[in-house]
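Reviewing the structure listed below.
The values are calculated or read from the model by the stated rules, or taken from the named source; none is laboratory data. These numbers were taken from a predicted model, which means no experiment stands behind them. Every residue, glycine as well, gets a Cβ built from its backbone with ideal geometry; the counts of neighbours run over all protein chains shown. We work out accessible area using only protein heavy atoms, side chains counted, and drop any ligands, DNA or RNA first. Shrake-Rupley method; radii C 1.70, N 1.55, O 1.52, S 1.80 Å.
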Amino acid sequence: MPPQLKTLIPLFGAFIVLFLIARHFLVPVSFGELGHYRFNSIAENKEKAMNYAGKDACADCHDDKAAQLKSDVHSGLSCETCHGPGQAHTENPETVKLNKPDQRSFCGNCHSMNASRPKFMVQIELKEHNPDKKCIECHNPHQPWQLKE
Amino acid sequence: MEPQYQHLYEMLSQVRGFIYPNEVDLQWGLLIVLYPYITGLVAGAFILASLERVFNVKVLKPTYQLALLTALAFLLVATMPLVSHLGHPFRAYEILMTPHSTSAMAIFGFVYLWYLMVVLLLEIWLDYRRDIVIWSQQTTGFKGRLYKILTLGVKDLSPRTVRWDDKIGYFITVVGIPSAFLLHGYVGFIFGSVKANPWWSTVLMPVIFLFSAMVSGIALVLFIYMVVTWFRRQKIDMAALDSIAKFLFYILILDFTLEGLDQIHRIYEAEESFEILSLLVHGPLFLTLFIFQILLGTLIPLISLGILQLYKPKELTRRIIYFSCSLLVLFGIFFMRWNVVIGGQLFSKSFYGFTDYKLRLAGSEGLLWALVWVILPFLILGFLLWLLPPWKKLEESTS
């Protein structure tokens, strides 16, 4: 065998062995236990604090609002879409209060005129459509088409 | 306006038409443009070197070692733009520790290691082994110690062992050619296999990347050979230079044809994405595609080098033309990568809108970092040329 190979083959062998040793120590514990991921990450993620409570949790107390929401075009929205994350509120309803957005610009996030929005989303020119009033003075956000007097 | 929407509205000012929220900010910036660029330079330089070794193009002898060392210098830096692009660069090794067979990027790690460890380092070592042994006996101090380490203990200079250097080196170069094709074809595959992106998703992508890699690598060696010779105040080997330019011309024709084929195919097929891609190339990519890549980077070098195949002006004029063409080609291929990487993210996958890319000066995705990764290979090459000077080797083999 040529002397070059006598040196190179063991050198490459050593490199592969070193790689395998490094791999042994560097692959995280529980990796590959149930798939190509770190199994312990599931438990770690479960331990993280919850922020969102979900629509059903809101309906437990605010059944009237939930019924209103269900009856009109905003039925597909979650409560927390407008009011923000509500887990803390479900745990301490008296001390933690949720946001009740009432600015025109907030409604405009979905309803200001934009040609590339889907047609089924009602769109208005914010500057022209009753510019001095808040949207909620006429529209009930839970039932947008039940106009107030 | 509530603060949580402030940022969104700032970002929306860079958007035209309809775009999905995750498309507003480009995830892959300048550093990801550099990754296929630098990898391409490596593959191209290596293929030029293999022309001399395997296909016996003797006239390229003066650039053989230079091309190999250039390939090594750039290969050592090739993954750095990727690593520095990561949010957690110190986790980069995990791609090698827990690779998944369905991850194109994970397999690239092994393709890269194969090319570095089995092809390039070995070929250079075998090519220089005899010289390293001689230099280790003649040189003292730090450099001498470095040579002693680099011999790896194989100090046998008998004609039989030296012949083995040549035989194994030849075998490795033969293996190295498909490996170089694999290395850069693979980079093209990473983009070409993104089926959701009509600007990328084409089976021609690996082939186009490969040929543009060869073009840029050959141009780089041409440029470096001229600069190094000028620095050493030596006479340029015009036969070698003419040959490199001839190969550059041929490969440039192939590259241009393939890219043209890809575009003609798109235009003729005119799939549902055609309209947005047409707006893309005539709008945000107009300057970088039509002017930088096609006019400056392809047509001008192609015509200049083409004329030189028919008519040979005096040496100085040829040298100036070759030097300018090499720089123009390097510039053009950079913008080819730019047009692929950045262009593919400028339009919405809804085909109804565009976003913008703003290059920042500082920061982890900024111009300054990118410049570091462009300059570093030249510094490494400087070190390699100091340690393993090809001209010294040439003098010895001819004396």
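Annotations for the structure displayed:
- Subset tally (residues that are open to solvent by 60 Å² or more (accessible area, probe 1.4 Å) and either of a type in the set (Val, Ile, Thr) or within 11 Å of another protein chain (Cβ to nearest Cβ) (or both)) for region A:91-102: 2
- Residue that is within 13 Å of another protein chain (Cβ to nearest Cβ), without any contact (Cβ under 8 Å) to a residue 60 or more places away in the chain, outside any helix (DSSP H, G or I) and closer than 14 Å to residue A:3 by Cα, where the choices are B:154, B:162: B:154
- Unmet requirement for residue B:175, which otherwise passes all of (1) open to solvent by less than 60 Å² (accessible area, probe 1.4 Å); (2) modelled with pLDDT under 95; (3) farther than 30 Å from residue B:105 by Cβ: (3)
- Verdict on residue B:169 being closer than 23 Å to residue B:76 by Cα and open to solvent by less than 60 Å² (accessible area, probe 1.4 Å): yes
- Helices (runs of 4 or more DSSP H) wholly inside region A:1-81 containing at least 3 residues that are surrounded by 13 or more Cβ atoms within 10 Å (Cβ to Cβ) and within 13 Å of chain B (Cβ to nearest Cβ): A:3-26
- Only a single item in (1) closer than 17 Å to residue B:64 by Cα; (2) touching a residue at least 60 places away in the same chain (Cβ under 8 Å) is not met by residue B:188, and it is number (1).
- The condition of being within 14 Å of another protein chain (Cβ to nearest Cβ), closer than 18 Å to residue A:135 by Cβ, polar (S, T, N, Q) and open to solvent by 50 Å² or more (accessible area, probe 1.4 Å) holds for only one of A:112, A:105, that being A:105.
- Reported count of residues in region B:282-321, each being aliphatic (A, V, I, L, M) and in contact (Cβ under 8 Å) with a residue 60 or more places away in the chain, is 3.
- Qualifying residue in region B:94-105 (condition: over 19 Å from the mean Cα position of the chain (by Cα), in the same structural domain as residue B:56 (by TED's automatic domain parsing), over 30 Å from residue B:371 (Cβ atoms) and of a type in the set (A, V, I, L, M, F, W, C)): yes
- Helices (runs of 4 or more DSSP H) lying entirely in region B:334-399 (those with 2 or more residues that are among the hydroxyl-bearing types (Ser, Thr, Tyr)): B:390-398
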